[in-house]
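Here, each number is a calculation from the coordinates, and none is a lab measurement. Owing to the predicted nature of the structure, the values given are computational and were not obtained by experimental measurement. When we count neighbours, we look across all protein chains shown, and the Cβ atoms used for this are built from the backbone with ideal geometry, even at glycine.
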């Protein structure tokens with residue numbers, strides 16, 4: 001099946017929109033091939049500000065209606081306890097909220113941006129999607145991440161080469177409780193690194209220590225900027241360390 005056929009067969013529905021490359025392609029396809037689709041962005045402490053900004057830009061470019069749902073994800077103890085399956089509990093909460101709002105708006109079908117490259121065995125959140133009967137057109141159409149990037153580029157979407165971005169909670173080790181303060185530290189520190197020209201990196205929290213992870217090609221620049229990095233991050237962290245194992249580049 002092709003995306004065009006999916007949206008012709010399903011002319012209306014609700015699209016869970018993260019602002020990333022995968023769901024952006026769905027926004028474009030829903031606007032081009034569908035008839036009555038709406039995108040839903042769930043905003044919580046787990047998403048950095050730039051994701052919402054990107055979502056607004058893509059929805060505006062594609063002329064697809066966008067609803068922003070505000071959610072206090074930190075009020076759910078099964079999420080903030082940060083167990084190994086935190087993503088499952090979080091996805092249940094996030095998509096239940098989207099399903100509720102979509103139903104109120106008259107939509108019975110909800111889709112997400114899971115693609116054919118995503119390994120279900122490595123993503124506890126996909127169990128929640130199956131339980132809630134959320135469909136994944138990219139996966140159904142056999143479109144991998146590489147396919148999605150090519151199609152986004154052809155469609156003129158600026159996110160075509162945007163690095164994959166996991167939510168801020170992934171920076172905190174499983175078993176360590178998630179707090180608003182910790183999430184704010186992660187977002188602020190990653191914004192600082194981004195302003196210095198770094199791309200596709202992570203700032204992992206290890207107690208009062210920030211562990212910086214860069215792709216191999218950014219190591220020379222990170223070493224060159226080591227004092228600047230330490231100075232920029234020291235107000236937030238007692239120690240700043242560099243993970244000597246290169247981070248795999250997002251695809």
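Quick notes on this structure:
- Share of Cα-Cα pairs in the stretch 107-251 lying beyond 23 Å, as whole percent: 48 percent
- The stretch 118-201 shape via C-alpha gyration tensor axes, a/c threshold 1.5: oblate
- Taking Cα atoms only, the orientation of helix 180-195 departs from the longest principal axis of the chain by about 80 degrees.
- Seen through its C-alpha gyration tensor, with square-root eigenvalues sorted a ≥ b ≥ c, the stretch 179-242 comes out prolate because a/c lies at 1.5 or above while a/b is bigger than b/c.
- Value of [θ]222 nm, deg cm²/dmol, for the chain, DSSP H segments ≥ 4, -39500 (n - 2.57) each, nearest 500: -12500 deg cm²/dmol
- Using the Cβ-Cβ distance between residue 181 and residue 245 with R0 set to 22 Å, the FRET efficiency works out to roughly 0.20.
- Segment residue 36-residue 50, extension gain: residue separation times 0.36 nm, minus the distance between their alpha carbons: 2.3 nm
- Degrees between helix 86-104 axis and first principal axis of the chain (Cα, 0 to 90, nearest 10): 40 degrees
- Whole-number percent relative contact order across the chain, with pairs defined as alpha carbons under 8 Å at least 6 apart: 18 percent
- Projected label points at residue 238 and residue 78, each 7 Å from Cα along the beta carbon direction, are separated by 3.4 nanometres.
- Footprinting exposure proxy for 17, 214, 201 (fewest neighbouring C-beta atoms within 10 Å first): 201, 214, 17
- Modelled FRET efficiency - R0 41 Å, residue 230 with residue 127, Cβ distances, 0.05 increments: 0.50
- Among 89, 76, the order by Cβ neighbours within 10 angstrom, fewest to most, reads 76, 89.
- Full-extension gain in nm, residue 140 to residue 223, via 0.36 nm per residue minus C-alpha separation: 25.5 nm
- Between residue 12 and residue 211, full extension at 0.36 nm per residue minus the direct alpha carbon distance yields a gain of 67.2 nm.
- Rounded tilt (10° steps) of 145-155 against the dominant C-alpha axis of the chain: 70 degrees
- Kirkwood Rh in Å, taken over all unlike Cα pairs in the stretch 3-161: 15.8 Å
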